[in-house]
Amino acid sequence: MSSNSHVLVLNCGSSSFKFALIDSATGHQILHGLAEKLGHDDASITIKRENEKNRLELGKNNQHVDAIKVLVSTLQELGLDTNIGAIGHRVVHGGEMFTKSAVIDDDVITAIEAVSALAPLHNHANLIGIKAAQLAFPGIPQVAVFDTAFHQTMPEKAYMYAIDKDHYKEKGIRRYGFHGTSHFFVAQKAAEWLNKSFETTSVITVHLGNGCSVCAISDGKSVDTSMGMTPLEGLMMGTRSGDIDPGVIMYLMKRYKYDANQIDDFLNKQSGMLGLSQLSNDCRTLEDALNDADNEKRLAAQLTLEVYSYRVAKYIAGYTCALTHLDAVVFTGGIGENSNYIRDIVVKHLGLLGLTIDDCKNQQARFGQAGAINDPTSRTPVLVIPTNEEWVIAQDAAKLTKGVK
Ligand code: ADP
């Protein structure tokens, strides 16, 4: 990267992409936004800058590349196009090929294509974004930052499934883990908070957003995480079931003739908070429903949030066996950063580990407020740290492209 410190971060989904223009030196977000419903007649792009928000309909030109063109012309109009030194892409699956971020060239694209079989929807969308950005920003170096890379330090005992080993050797079926940039970011911040070097810090990080995962980090390295070969394993999530007996799948296929697409839809889109509550995939809505006049709704929301929190606590307790010492438990993600209700239930399940919560601090640590929420008697600090995956991507992109033209 030249002296230009701004990095455009792109996070592409199959019909949407999020973007942010970030000063990689400070983490300041200069501009950010979202293009959505791409490929549909009502596709749009929303660009936010300071207190301004502009939404544009994309009309017939509604593909990823069209939305990126609109973004480029907006950056030009605002005079923000000249300072961009690199483009950073979030890429979901790096398989075993990528243990760290990589400057994108033809070989890297071929390698991302090669691991795409493991996450076809995600990686395909990421590649669309990469190719569209190459067209829109010729000459600006691009970097791929993988959700899986941070977890490549997991030992075999954590990443192997107990299945016929040939399935690992021939088909790559193993646990990979996701949300790596978020776990890494908040663990680093926790080390700063603890006044320790990252390399000697051991924490359990708990990312609770629409997708949810827990990570055991031993001396700065991921040693276990709850998502698996795909982001379906582990915790209960907004619409994903998390851990489930695979026998349920066989039962649904044999007895009720579900096909692979129906199973996929059922476990990824109709389960989790949405499926169990039959109300919503959104934690806020469920917390509101705890006070609903309708008894049935109230009980459904209560059960859903109890199952959710209990499962989070079980993973935290389980991951203590991956560590030799525990410096802190760290909550992050939309729910982890904002829901004092969920944090309270989770921590109260962990009394045997000596964790105790301070109600007042727990209520205060919301809406971007970081801090400790444990009571002074707690054996281990419990922290709330807002995540910032975009900044990790921007910093990696800036670091890797230093001096690259
Ligand atoms: P994503 O994984 O898509 O990035 P987020 O990290 O933004 O999602 O998390 C979204 C979740 O955070 C939703 O379930 C939402 O209800 C929850 N959330 C956001 N704010 C609050 C809040 N104040 N109280 C409880 N839950 C919240």
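The values are calculated or read from the model by the stated rules, or taken from the named source; none is laboratory data. Not measured: the values here are computed from a predicted model. Note: ideal-geometry Cβ built from the backbone for every residue, glycine included; neighbour counts use all protein chains shown. Heads up: the accessible areas ignore ligands, DNA and RNA and are worked out on the full protein's heavy atoms, side chains in. Shrake-Rupley method; radii C 1.70, N 1.55, O 1.52, S 1.80 Å.
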How large, in percent, is the carbon and sulfur part of the accessible surface of the chain at a probe radius of 1.4 Å?
51
Quick one: what are the phi-derived ³J(HN,Hα) couplings along region 78-91, Karplus 6.51/-1.76/1.60 with θ = phi - 60°, whole Hz, x for glycine and proline?
8, x, 9, 7, 7, 9, 7, x, 7, 10, x, 10, 7, 10
Cut-off under 5 Å, modelled amide H: who pairs with residue 143 long-range:
87, 88, 89, 104
Of all DSSP beta bridges in the chain, antiparallel share, percent nearest 5:
70
Whole Å is fine, so just give me how far the alpha carbon centre of region 336-390 lies from that of region 57-95.
37
Computed over the chain, the relative contact order (Cα-Cα under 8 Å, seq sep at least six) in percent reads 16
Per residue accessible area in Å² of region 87-164, where ligands, DNA and RNA are left out and the probe is 1.4 Å
43
So what's the net charge close to residue 159: Lys and Arg +1, Asp and Glu -1, counting the other residues with Cβ under 12 Å from its Cβ?
-1
I'd like to compare 287-300, 206-219, 60-73, 362-375: which one has the highest average count of other Cβ atoms within 10 Å, and what's the full order after that?
206-219, 60-73, 362-375, 287-300
Can you give the relative contact order of region 302-390 as a percent, counting alpha carbon pairs under 8 Å and 6+ residues apart?
30
Under 14 Å, Cβ to Cβ, from residue 174 - net charge with Lys/Arg +1 and Asp/Glu -1:
-2
Taking one equal scatterer on every alpha-carbon of region 204-247, how large is log10 of I(q)/I(0) by Debye at q = 0.13, 0.31, 0.32 1/Å?
-0.29, -1.09, -1.12
What share of Cα pairs, in percent, lie more than 41 angstrom apart in the chain?
14
With Rh as the Kirkwood radius over Cα pairs, region 169-306 has Rg/Rh of 1.07
Choose one answer from 225, 239, 110: the residue with the largest mean-square fluctuation in a GNM of the chain with alpha-carbon springs under 10 Å.
110
Other-chain or far-sequence residues with amide H under 5 Å of residue 375's (modelled H):
356, 357, 358
Check which residues have an amide H placed less than 5 Å from residue 222's amide H, if you skip close sequence neighbours.
153
Normalised by the residues of region 159-300, what does the relative contact order come to in percent, with Cα pairs under 8 Å and at least six apart?
16
